[in-house]
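Handing you this structure, nothing more for now.
The values are calculated or read from the model by the stated rules, or taken from the named source; none is laboratory data. This one's a predicted model, so the numbers in the text were calculated from it and none came from an experiment. Here Cβ is always computed from backbone atoms with ideal geometry, including for glycine, and neighbour counts include all displayed protein chains.
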Amino acid sequence: MGFVPGLSDLVVTGFSSYNAGYVIMSTVHNDRTCIICNPAAGAGSAARKWERFERQLRQQGWSGDCSTTERPSQATELTAARIREGYRRIAVFGGDGTLNEVLQGAVSREGRPPRDLQLVFLAAGSSCDFEKAFRERTPLASRLFSGQSHLVDIGKVECRDFDGRPQVRYFLNNSSIGVISLGTQKFNHAKGFHLALKRLNMDAAAIAIGLSAIAEYPVIKAELILDEVEALDIRLSNLTVFKAPYFAGGMYLGARTELDDGILNVALIHATSRLKLARMIPSLYTGNIFRHQAAQHRQCRSLVLNTEQTVFVETDGEIIGHPPARYTIIPQAIQIVI
């Protein structure tokens with residue numbers, strides 16, 4: 001049975017000096033923290049990183065519990081089980097995908113995580129985009145022992161799974177529908193040349209697969225409803241709903257975001273030619289995407305995308321289903337240690 005901190009163990013100290021929400025100080029007991037480790041993260045590189053990291057932890061006197069995942073979605077199951085056992089501090093050793101799996105297990109049937117739950121992100125994946133949103137970060141070796149956490153929002157998306165059934169998923173980074181989600185599908189199932197390139201250089205593979213997705217992309221004819229009042233009939237190449245502006249390793253949407261403001265940021269890429277889409281790719285590495293005429297940045301608290309076309313919905317690098325999709329925000333919902 002893990003330790004459940006009481007109200008006296010949590011102290012809100014006010015806004016942090018960076019865009020990462022309220023800072024919360026708590027007493028840390030290392031044997032009351034469990035680790036969920038995904039050795040397959042970072043194309044398997046996390047396994048080697050974990051061997052070194054675990055030795056370092058033991059040398060520092062850590063004696064807590066660790067569970068290793070062996071298949072997709074197991075981190076979700078392990079997280080839910082650990083919370084039922086009473087743990088309220090769960091460390092995630094892996095990448096953004098592992099963090100996303102843990103998040104699914106952390107949110108209860110009531111639609112929120114336990115108010116005193118802390119997730120410690122021990123970034124060990126290939127990109128770890130979420131932690132890039134924090135301008136100041138605790139060194140990885142000290143993160144497990146840190147008593148400082150940041151209260152951040154959770155994005156929520158309701159859509160249809162591949163069998164047409166309603167489903168709800170949560171995200172900390174972003175969710176896309178369009179060229180990016182098609183590219184994600186291709187990236188996750190890379191074969192032949194793309195797979196070989198992925199093993200050699202993730203950024204080069206992302207660009208090559210992105211160009212392949214652009215060559216195939218369908219213009220999405222959709223209805224967008226923002227904050228339940230503004231309805232738009234629109235033709236899109238891509239829609240991204242995001243809290244953190246970093247994605248796909250080295251890409252950056254270039255918008256200043258706050259992780260705790262209860263606001264969803266929306267990047268709209270209006271329908272344009274394939275050539276113009278391809279020309280936008282460099283601006284995704286320089287943060288200048290919104291300088292393009294076809295790109296638009298909006299903010300809202302809820303968004304609905306309705307379309308009759310069969311396109312993918314992606315959240316934090318995972319393809320989860322199809323529209324219609326409804327996005328909402330759960331404000332200041334979870335404590336993150338970075």
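If you scan region 282-306, which residues turn out to be aromatic (Phe, Trp, Tyr) and at pLDDT 95 or above?
Hit for region 282-306 is Phe290, nothing else.
One residue is enough: does region 245-265 have a residue meeting the conditions in contact with a Ser or Thr (Cβ under 7 Å, 6 or more places away or on another chain), under 22 Å from Leu172 (Cβ atoms) and part of a strand (DSSP E or B)?
yes
Residues to consider are Val157, Val92, Val102; find the one that is in a helix (DSSP H, G or I) and of a type in the set (A, V, I, L, M, F, W, C).
Of the residues listed, the single one that is in a helix (DSSP H, G or I) and of a type in the set (A, V, I, L, M, F, W, C) is Val102.
Sort out which residues of region 230-242 are within 25 Å of Ile330 (Cβ to Cβ) and touching a helix residue (DSSP H, G or I) at 6+ places or on another chain (Cβ under 8 Å), and write them in order of number.
Within region 230-242, Asn238, Thr240 meet the criteria.
Also, I was wondering about something else. Out of all the residues in region 114-139, which are in a loop (DSSP other than H, G, I, E, B), among the basic types (Lys, Arg) and either outside the structural domain of Cys37 (by TED's automatic domain parsing) or touching a residue at least 12 places away in the same chain (Cβ under 8 Å) (or both)?
Scanning region 114-139 gives Arg135, Arg137.
Just a yes or no: is a residue in region 53-60 at negative phi and surrounded by 22 or more Cβ atoms within 10 Å (Cβ to Cβ)?
no
Restrict the check to region 326-336 and report whether at least one residue is under 19 Å from Ile220 (Cβ atoms), in contact (Cβ under 8 Å) with a residue 24 or more places away in the chain and not basic (Lys, Arg).
Yes, some residue in region 326-336 is under 19 Å from Ile220 (Cβ atoms), in contact (Cβ under 8 Å) with a residue 24 or more places away in the chain and not basic (Lys, Arg).
Given the conditions (1) in contact with a strand residue (DSSP E or B) (Cβ under 7 Å, 6 or more places away or on another chain); (2) at pLDDT 95 or above, which single one is not true for Asp316?
Of (1) in contact with a strand residue (DSSP E or B) (Cβ under 7 Å, 6 or more places away or on another chain); (2) at pLDDT 95 or above, only one is false for Asp316: (2).
Checking the conditions here, which among Asp227, Asp233 is touching a Cys at 6+ places or on another chain (Cβ under 7 Å), at pLDDT 95 or above and assigned by TED's automatic domain parsing to the domain that holds Asp316?
Numbers: Asp233 fails: touching a Cys at 6+ places or on another chain (Cβ under 7 Å).
Result of the check over Asp227, Asp233: Asp227.
Please find, within region 82-110, the residue that is nearest to Glu54 (Cα to Cα) out of those that are among the acidic types (Asp, Glu) and touching a residue at least 24 places away in the same chain (Cβ under 8 Å).
The qualifying residue nearest to Glu54 (Cα to Cα) is Asp96.
Provide a single number: the residues in region 140-149 that are crowded, with 18+ Cβ neighbours inside 10 Å and either assigned to a loop (DSSP other than H, G, I, E, B) or in the same structural domain as Thr240 (by TED's automatic domain parsing) (or both). Walk me through it before giving the result.
Step one: filter region 140-149 for residues crowded, with 18+ Cβ neighbours inside 10 Å, giving 143-144, 149.
Within this subset, residues satisfying the condition of being either assigned to a loop (DSSP other than H, G, I, E, B) or in the same structural domain as Thr240 (by TED's automatic domain parsing) (or both) are 144.
Count: 1.
Still on this structure, I have one more. So, in region 186-207, of the ones that are assigned to a helix (DSSP H, G or I) and touching a Lys or Arg at 6+ places or on another chain (Cβ under 9 Å), which residue ends up surrounded by the most Cβ atoms within 10 Å (Cβ to Cβ)?
Ala206
Quick check on region 280-293. Is at least one of its residues touching a residue at least 40 places away in the same chain (Cβ under 8 Å) and charged (D, E, K, R)?
There is no residue in region 280-293 that is touching a residue at least 40 places away in the same chain (Cβ under 8 Å) and charged (D, E, K, R).
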